[in-house]
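Peer 1: Structure below; questions to follow.
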Ligand code: SF4
C-alpha cells in the first residue's frame with residue numbers, strides 16, 4: 001500500500017488545499033500516513049507570507065534530501081505559495097524535489113504519485129491498478145465536525161507588502177452551485193460548521209457571471225440540513241457591504257464573528273501599504289456591524305514596522321486598537337517579501353529591535369482586551385461545538401470563536417451549553433450546563 005504525508009504550513013486556505021490534495025491522492029490509490037518517516041510521498045504545503053515560514057520549508061527539504069542521500073526511497077513534492085509561475089530557480093536550488101505545484105494546481109503531484117504507483121504495481125505484478133483520473137472537483141474528506149470551504153481564490157488588491165496576489169493569482173470565485181454541493185457533501189459526512197474562505201472573502205462573486213455575493217452563499221447554506229454554523233474569513237473593509245453585514249445579523253446559522261484586518265491605524269501608513277481605505281472607512285464598517293450586532297466578536301490583524309513607520313504612525317495604531325476594543329488582535333512584524341512593491345521600492349528602515357518592541361506593545365493590548373472581553377462570560381452559558389477530546393476533556397469553539405474546554409467525553413460533533421468558570425486571554429474553561437443540574441452524590 002502506497003502512503004503519503006502532507007506537512008502544511010500557513011493559513012486555513014493551505015489546510016483546505018491539503019485536504020483536497022489528500023482526497024485526490026486517495027482517489028488514485030494512496031493512503032494517508034501520520035508517520036512521516038515511512039511515507040512513500042512527502043508533500044510540503046508552503047507559506048510565503050513571512051520569511052520564517054519559507055525558512056522552515058527550506059530546512060525541511062534539506063532534511064528530506066539527506067534521507068534520500070542515505071538511500072531511503074520516497075518522493076518529495078512541494079506545493080503552495082512558495083511555488084510561483086516559474087520554478088526554474090527552485091528546481092536548480094532543490095534538485096531533490098520531484099514535483100512543484102502552485103496553489104490549487106495539484107496535477108504535477110498527482111502525476112508523479114500515479115507514475116510511482118504504477119511502477120510499484122508493475123514490480124509487484126499488479127499491472128494496471130493505477131490510472132491517472134480526470135480530477136478537478138474532488139472534495140476533501142472532512143477530518144472532524146468543522147471544515148474549510150474556499151469560495152474565492154487569489155487577490156486583486158496588491159497591498160505593497162503582500163506576496164499573495166503574486167503567488168495565488170487574481171481573484172477567482174468558484175461557482176455557487178459547486179460550493180453549495182460541497183457543503184451538502186460535508187453535511188452528509190457529519191460536518192456541522194463550515195468556514196467560507198477567501199483572501200478577501202466579501203469579494204466573492206464579483207468576477208463571475210452570476211448575480212451572487214457572499215450573502216447569497218449564506219442564504220443557500222442556511223437551508224442545508226445538518227449544518228449549524230457558518231463562519232467566513234478573511235474580510236476586507238471595502239468589500240464588506242451593508243447587505244453582507246445584514247445577512248450575518250439576520251441568518252441564525254451565520255456566526256456573528258468577523259475577522260477584518262486593519263493593518264494600521266494611520267492613514268499615511270495605510271496609503272504606503274496601498275490598502276485602499278482610510279481609518280474612517282474601517283471604523284464605519286465596525287460601527288455598522290456593532291449597530292446591527294452589539295455582541296459581535298471582531299478580530300483584526302496589524303503589521304508593525306512597515307517601511308517608514310514613524311512613532312506617530314505607530315501611536316495612531318495603538319490609539320485605534322484601544323478605541324475599538326477588538327476581541328482578538330493578530331500582530332506581525334513586517335518582513336520584506338521579494339517580488340513585492342515594498343521590497344523593490346521601499347526601504348526596510350525600521351530596526352529589528354524597534355519592530356520587536358512595537359510587536360510587544362500590541363501583544364499586551366491584545367492580552368488585556370481579550371481578558372476583559374472574556375471576563376464578561378464568567379458565569380454565563382455559551383454554546384460550544386465540540387471538535388476534539390483528550391484525557392476526559394472536550395474542546396471546541398463558541399459562536400464568537402473562543403476556544404473553550406470542559407470535562408466531558410463522547411461529545412465530538414455536538415453543540416453543548418457550557419457555563420464558564422475561568423477565563424484567560426486565549427481560552428475559556430467551564431462545565432457542561434446540564435451537568436450543573438445533576439445531584440452531587
Ligand atoms: S488584501 Fe492585501 S494583504 Fe490581503 S491578500 Fe490581498 S494583497 Fe494581501
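Peer 1: Using a simple spin-label model with points 7 Å from Cα along the Cα→Cβ vector, what separation in nm is obtained for residue 353 and residue 12?
Peer 2: According to this spin-label approximation, the distance is 3.9 nm.
Peer 1: Give me the percent of Cα-Cα pairs in the stretch 146-375 that sit more than 25 Å apart, rounded to a whole number.
Peer 2: 44 percent
Peer 1: Expressed as a fraction of 2.2 N^0.38 Å, the rule-of-thumb size for a compact globular protein of N residues, what is the C-alpha radius of gyration of the stretch 287-420? Can you show the working numbers first?
Peer 2: Details: Rg = 19.3 Å, N = 134, 2.2 N^0.38 = 14.1 Å.
That ratio works out to 1.36.
Peer 1: Counting residues in the stretch 145-251 as N, plug N into 2.2 N^0.38 Å and put the Cα Rg over that result.
Peer 2: 1.06
Peer 1: Shifting gears a bit: According to a simple spin-label model (label point 7 Å from Cα along Cα-to-Cβ), what is the distance in nm between residue 310 and residue 96?
Peer 2: The answer from the label model is 5.0 nm.
Peer 1: Whole Å is fine, so just give me how far the alpha carbon centre of the stretch 420-435 lies from that of the stretch 1-39.
Peer 2: 34 Å
Peer 1: Just the number, please: percent antiparallel of the DSSP beta bridges in the chain, rounded to the nearest 5.
Peer 2: Once the DSSP bridges in the chain are tallied, antiparallel ones form about 35 percent.
Peer 1: Cα centroids of the stretch 260-308 and the stretch 163-228: how far apart, whole angstrom?
Peer 2: 24 Å
Peer 1: Right, another one. Run the helix sum for the chain: -39,500 (n - 2.57) per DSSP H stretch of 4+ residues, divided by residue count, reported at 222 nm to the nearest 500 deg cm²/dmol. Provide the component values of the computation, followed by the final result.
Peer 2: Working: 13 runs with 158 residues, N = 441.
Taken over the chain, the calculation gives -11000 deg cm²/dmol.
Peer 1: Show me 210-220, 55-65 ranked by packing, highest mean number of other Cβ atoms within 10 Å first.
Peer 2: 210-220, 55-65
Peer 1: Taking a ≥ b ≥ c as the square roots of the eigenvalues of the Cα gyration tensor of the stretch 381-437, is the shape rounded (a/c under 1.5), prolate (a/b larger than b/c) or oblate?
Peer 2: Details: a/c = 1.33, a/b = 1.14, b/c = 1.16.
Cα axes put the stretch 381-437 in the rounded bin.
Peer 1: Hey, another quick one. Going by the alpha-carbon gyration tensor, a ≥ b ≥ c the square roots of its eigenvalues, is the chain rounded (a/c under 1.5) or, if a/c is not under 1.5, prolate (a/b greater than b/c) versus oblate?
Peer 2: On the way: a/c = 1.63, a/b = 1.21, b/c = 1.35.
Oblate, because a/c is 1.5 or more while a/b does not exceed b/c.
Values quoted throughout were computed directly from the atomic coordinates according to the rules given, and no laboratory measurement underlies them. For clarity, every value in this text was computed on a predicted model and none was experimentally measured. Cβ coordinates were reconstructed from backbone atoms using ideal geometry, including for glycine residues, and neighbour counts include every protein chain displayed.
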